[in-house]
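Peer 1: Pasting in a structure now, in structure tokens, and then I'll have a few things to ask.
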Amino acid sequence: MQLHVSPSMRSLTISSNNGLIDLMKIKVAARHISYRTLFHTILILAFLLPFVFILTAIVTLEGVNKCSSFDCLGRRLGPRLLGRVDDSGRLVKDFYKILNQVNAEEIPDGIKLPDSFNQLVSEMKNNQYDAKTFALMLRAMMEKLEREIRESKFSELMNKHFAASSIPKGLYCLSLRLTDEYSSNAHARRQLPSPELLPVLSNNSYHHFILSTDNILAASVVVNSAVQSSLRPEKIVFHIITDKKTYAGMHAWFALNPVSPAIVEVKGVHQFDWLTRENVPVLEAVENHHGIRNYYHGNHLAGANLSNTTPRTFASKLQARSPKYISLLNHLRIYLPELFPNLDKVVFLDDDVVIQRDLSPLWEIDLWGKVNGAVETCKGEDEWVMSKHFRNYFNFSHPLIAKHLDPDECAWAYGMNIFDLRTWRKTNIRETYHYWLKENLKSNLTMWKLGTLPPALIAFKGHIHPIDPSWHMLGLGYQTKTNIEKAKRAAVIHYNGQSKPWLQIGFEHLRPFWTKYVNYSNDFVRNCHILEL
């Protein structure tokens, strides 16, 4: 490149090095530009022009993605000055067009898919795939992977359901050994409580807890945690109700492991005179109904359209098919006024709870003429546990449900409930419970899937007094998102859900709240290899 200035300083010419082509020619009018100004202009151009051309060439060739404001000037102007245009925008549009095409087409049957992305890239290089073929293969691989993940998730949920429904070997061993001990050891058969303490069982100045369970280890944790957390354990009376097959082992455990100064009574359902088939015909029907037994013990995958079911919906359905829901023990709470005719106020506990604070203030709560003091479960953000309304439990497409219930009504929790038995005896709660159970049986379980909470939500309608949520924290058996600090502060924590703390599928970080109340030094516990998990 050469710069020529005319002798008169009236014109400026920039030409190529061979002098054949004039790249730029500037004529200057003398009356407008002074020689000094022209001279300065020439110096600036002589300095800048080579730099701009070089910078433009470099930025254009290297395709820099990030540049300073001055560099970007060269990048923007360079391709245009050199006659080059950036094709990236057009390439992206073409790629989107191909993706839309592939998404609208059917994947050919029998297409052979690579096992990995690396293999796909290798085949693409070897077979010279075009962009459409590559996109089609990639889509087919992703859909195959999604199907495998989905199938794996359903298998995981089924295995978890079986694990939650089964009895761990250690717990089964514990029950058998204690039953054998009951038959051979007179001390294991001693009267509970001792004869001089029998009047306490109906003394309303004591704090009466009722626990219905066939899990000996879980019962021991509930009782131990309640006694150890109490400020006045000498005022505690536990009424433990179990089934006939577990009665001997349960009795032996508490006879051999007293929790003095608290008092424990163990009774089997067969020992209650009132609990006859004549008084509970509906529950007998529930236990013996062929369709119900098949629903809870049959093939859970039969008739299930998994292609149109989300894993979460499937998990909820499995949870509702727990065999415990057709157990008489699970329905016993609706008969408390008849089973304990001399008691006025009791606290009913599920066997998967742990008591962490003194519960004696519960007896001082004024229920304002209501029967059931319970924590409401519709005022939290947790969609698994604390955001439940009636719509979550009932089928509102059923005309009887739609006619009598409000889908937006707040649900409440079983597991730790204060029952005013005196007020309860003046109501028709039990009759209402029976009526709706019968109607659901007639409708072939289309009003709700069986369990104790849905009919109780109807039967106790208008009889609920909400208590502070800090008394009863739920969900420790559902998810790992449980707030540990809140769990530490709660009076009662509840492992409702499949992941019970005594199972291998229990959540590791939540298990210590429960295991701290297990007596691992006990001979029966050690011999059955019930060790800290």
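Peer 1: Suppose accessible area is computed on protein heavy atoms with a 1.4 Å probe; arrange Glu156, Glu278 from highest to lowest.
Peer 2: Ranking Glu156, Glu278 by accessible area, largest first, yields Glu278, Glu156.
Peer 1: Compute, for Glu148, the solvent-accessible surface of its heavy atoms (probe 1.4 Å) with the complete set of protein chains present, and express it in square angstrom to the nearest 10.
Peer 2: 90 Å²
Peer 1: Also: Calculate, in nm to one decimal, what Trp368 and Ile167 gain on full extension: separation in residues at 0.36 nm each, minus their alpha carbon distance.
Peer 2: Working: separation 201, 0.36 × 201 = 72.36 nm, distance 4.15 nm.
Extra length from Trp368 to Ile167 when fully extended: 68.2 nm.
Peer 1: Now for a different question. Kindly state, to the nearest 0.05, the FRET efficiency for Tyr435 paired with Ser152, given R0 = 30 Å and r defined as their beta-carbon distance. Don't skip to the end; give the middle numbers.
Peer 2: On the way: r = 44 Å, r/R0 = 1.45.
Calculated value: 0.10.
Peer 1: Also, quick follow-up: Evaluate the distance, in nm, between pseudo-label points positioned 7 Å from the Cα of Leu113 and of His389 along their respective Cα→Cβ axes.
Peer 2: About 4.1 nm, to one decimal.
Peer 1: Extending each Cα 7 Å along its Cβ direction at Thr41 and His398, get the distance between those two points in nm, one decimal.
Peer 2: 9.4 nm
Peer 1: Beyond a 24 Å Cα-Cα separation, which of these cross-linked pairs lie in this structure: Lys267/Lys488; Lys160/Lys481; Lys438/Lys461; Lys160/Lys245; Lys153/Lys438; Lys486/Lys516?
Peer 2: Checking Cα-Cα distances, Lys267/Lys488; Lys160/Lys245; Lys153/Lys438 exceed 24 Å.
Peer 1: What net charge do the residues around His239 carry, taking every other residue with its C-beta under 11 Å from that of His239, with Lys and Arg at +1 and Asp and Glu at -1?
Peer 2: Overall, the nearby charge balance is 0.
Peer 1: Per residue, how much accessible area does the range 119-266 show when a 1.4 Å probe rolls over the protein heavy atoms, in square angstrom?
Peer 2: I get 49 Å² per residue for this part.
Peer 1: Straight-line reach from Lys144: which aspartates and glutamates have Cα under 12 Å away, leaving out those fewer than 8 places along the same chain?
Peer 2: Asp115
Peer 1: Starting from one equal scatterer on each C-alpha and no solvent at all, send me the Debye-based log10 I(q)/I(0) for the range 408-533 at q = 0.09, 0.18, 0.20 Å⁻¹, two decimals.
Peer 2: Taken in order of the listed q values, log10 I(q)/I(0) reads -0.40, -1.05, -1.12.
Peer 1: Report the full-extension gain for the segment Glu508 to Arg489: residue separation times 0.36 nm, less the Cα-Cα distance, to one decimal in nm.
Peer 2: 4.9 nm
Peer 1: Go through 522-530, 467-475, 482-490 and give me the packing order, highest mean Cβ count within 10 Å leading.
Peer 2: Sorting 522-530, 467-475, 482-490 by mean packing, highest first, produces 467-475, 522-530, 482-490.
Peer 1: So what is the orientation-averaged projected area of the range 169-528, using the convex hull of its C-alpha atoms, in nm²?
Peer 2: Hull-based average projected area comes out at 18.4 nm².
Peer 1: Identify all lysines with a Cα-Cα distance to Lys125 below 19 Å; exclude those on the same chain that are fewer than 8 residues away in sequence.
Peer 2: Filter leaves Lys112.
The values are calculated or read from the model by the stated rules, or taken from the named source; none is laboratory data. Because the structure is predicted, anything quoted here is derived from the model rather than measured. When we count neighbours, we look across all protein chains shown, and the Cβ atoms used for this are built from the backbone with ideal geometry, even at glycine. We work out accessible area using only protein heavy atoms, side chains counted, and drop any ligands, DNA or RNA first. Shrake-Rupley method; radii C 1.70, N 1.55, O 1.52, S 1.80 Å.
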